[in-house]
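The values are calculated or read from the model by the stated rules, or taken from the named source; none is laboratory data. Small disclaimer: the values here were computed from a predicted structure and weren't measured. No Cβ is skipped: glycine too gets one built from the backbone with ideal geometry, and neighbour counts run over all protein chains shown. Areas reflect the complete protein model, heavy atoms only, side chains present, ligands, DNA and RNA absent. Shrake-Rupley method; radii C 1.70, N 1.55, O 1.52, S 1.80 Å.
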Amino acid sequence: MENFIFHNPTEIIFGRGTIPGISSRVDRKSRVLLLYGGGSIKKNGVYEQVRKALSGRRVVEFPGVEANPRYETCLQAVKLLKKEKLSFILAAGGGSVLDAAKFIAAAALFKGKDPWDILRTSGSNVRSALPIGAVLTLPATGSEANSNSVISREATKEKLHFSSPWVYPRFSVLDPETTYSLPVKQVRNGIVDSFAHVMEQYMTFPAGAPLQDRFAEGIVQTLVEIAPRAMDRKPDYHSRASLMWCSTLALNNLIGCGVPQDWATHMIGHELTAFYGLDHAETLAILMPGVWKFKLKTKKAKLGQFGERVFGVKGANAAIKATEEFFHSIGMPTRLSDYRISADEAAERIRARFTERKAAFGEHGDIGPGEAAKIILSRR
Ligand code: NZQ
Ligand code: ZN
């Protein structure tokens, strides 16, 4: 296990009926930007609960944050925030709304000339940000308790992430009942995204960190166990609550302490979303088995351990097969052809982009433009 610093300042307020908890956590004098998406919070009662909890404060709303939030939209919100002299951002929605809040919070106080530089430098130039609170309605990204944000630029079809300790939410409200209105497809996406987050921090090589291994295996084992009930059209509180807690713990810094990490699947996946508009989780289900097969030799030991402990199968190939079967069992496709995307075209576009950026991913930094192209071609 390597040295590490564990830091997570986000307060989690978990459970049924917890939205009123916002009230005691947002100063009465705060001037609040209420950020949300395309309107799901207006249909499921979250909006009313949030407005009630914020009563007595000046609240300005900014609706319309897209799935895969756009840079262009975020800049509009920054403009509004400055005009209205707002001092606190409350994000209510899925990972996209939370990610947008983080970028807006950093961009509002950014001293540089071009806010896109926040993303170009992955956040290393962020020196401050407005405080953020969140009400999470879609368990998937872990954005509710981490310092990451992913923003898409429509004009150039780029999707880049940044990370900064300044943008951890001060608090996040996680009421599993807010997920009852989710379309089944989004629950499926959430299960796969959480699964992939765990694997990006686990499926590398043995690193003398048995507790992190067991944490990781425990989370994916739980996901596999609860998936059928969590996907049921008639929502079940306990499986939704477990899914929500799994998603948070999958990417809140805990399981990644002192261990090697991969993230190649995510980085290639962002390009598939940028070019072809696939949902984030859809890209992961296509690419992850490909990354594992491509790196079978170096990942063999962990693949074997994972297969045996999580799915009860023997050997690296059987572990990959069991994972794909699990994705299929929850209705998640795993091939580019399932979306009528040409693997040859995708491989060339992404190879060109990674060459330009001199990109190299994976726990050994050896997945460059050529390797990414080969992985994509293997998933036709
Ligand atoms: O916009 P609204 O109307 O709210 O509808 C949303 C959206 O259409 C809907 N939805 C959310 N909660 C709902 C609901 N519909 C009914 N009932 C509810 N309770 O679901 C749709 C998708 O929402 P979105 O926020 O886009 O999904 P998700 O949470 O999966 O977020 C995806 C984004 O997060 C980024 C992804 O790249 C993508 O841009 N990620 C962020 C990470 C992070 N911050 O750490 C890590 C991840 O790897 C990921 O990259
Ligand atoms: Zn993800």
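Here are the numbers:
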quantity	calculated
Test: residue in region 144-156 that is charged (D, E, K, R), over 18 Å from Asp232 (Cβ atoms), touching a Lys or Arg at 6+ places or on another chain (Cβ under 9 Å) and open to solvent by less than 50 Å² (accessible area, probe 1.4 Å)	no
Those helices (runs of 4 or more DSSP H) lying entirely in region 9-100 with at least 1 residues out of contact with any helix residue (DSSP H, G or I) (no Cβ under 6 Å at 6 or more places or on another chain) and farther than 20 Å from Thr178 by Cβ	71-83
Condition check for Asp279: among the charged types (D, E, K, R), within 16 Å of ligand 1 (Cβ to nearest atom) and within 22 Å of Arg380 (Cβ to Cβ)	yes
Of all residues making up region 309-337, the number that are over 23 Å from the mean Cα position of the chain (by Cα) and either in a loop (DSSP other than H, G, I, E, B) or surrounded by fewer than 15 Cβ atoms within 10 Å (Cβ to Cβ) (or both)	5
Meets criteria (at pLDDT 95 or above, open to solvent by less than 20 Å² (accessible area, probe 1.4 Å) and away from ligand 2 (no atom under 15 Å from the Cβ)) for Val192	no
Test result for Asn3, open to solvent by 20 Å² or more (accessible area, probe 1.4 Å), touching a strand residue (DSSP E or B) at 6+ places or on another chain (Cβ under 6 Å) and part of a loop (DSSP other than H, G, I, E, B)	no
Test: Val173 is touching a residue at least 60 places away in the same chain (Cβ under 8 Å) and among the hydrophobic types (A, V, I, L, M, F, W, C)	yes
Count of residues meeting criterion [outside any helix (DSSP H, G or I) and hydroxyl-bearing (Ser, Thr, Tyr)] in region 283-308	0
Condition check for Arg349: open to solvent by 60 Å² or more (accessible area, probe 1.4 Å), basic (Lys, Arg) and assigned to a loop (DSSP other than H, G, I, E, B)	no
Test: residue in region 108-117 that is open to solvent by 50 Å² or more (accessible area, probe 1.4 Å) and in contact with a Phe, Trp or Tyr (Cβ under 9 Å, 6 or more places away or on another chain)	yes
Total residues in region 70-95, condition open to solvent by 30 Å² or more (accessible area, probe 1.4 Å), farther than 21 Å from Ala53 by Cα and of a type in the set (S, T, N, Q)	1
Evaluation of Phe171 against (1) away from ligand 1 (no atom under 11 Å from the Cβ); (2) more than 27 Å from Tyr71 (Cβ to Cβ); (3) crowded, with 19+ Cβ neighbours inside 10 Å; (4) not small (Gly, Ala, Ser) (one fails), failing number	(2)
From Leu251, Leu284, Leu278, Leu243, residue being under 21 Å from the mean Cα position of the chain (by Cα), closer than 21 Å to Met332 by Cβ and open to solvent by 20 Å² or more (accessible area, probe 1.4 Å)	Leu251
Which listed residue, of Val220, Val259, is touching a residue at least 24 places away in the same chain (Cβ under 8 Å), open to solvent by 20 Å² or more (accessible area, probe 1.4 Å), closer than 24 Å to Arg309 by Cβ and not assigned by TED's automatic domain parsing to the domain that holds Thr141	Val259
Matching option when the condition is more than 8 Å from ligand 1 (Cβ to nearest atom), touching a residue at least 60 places away in the same chain (Cβ under 8 Å) and not assigned by TED's automatic domain parsing to the domain that holds Arg357, among Gly123, Gly142, Gly133	Gly133
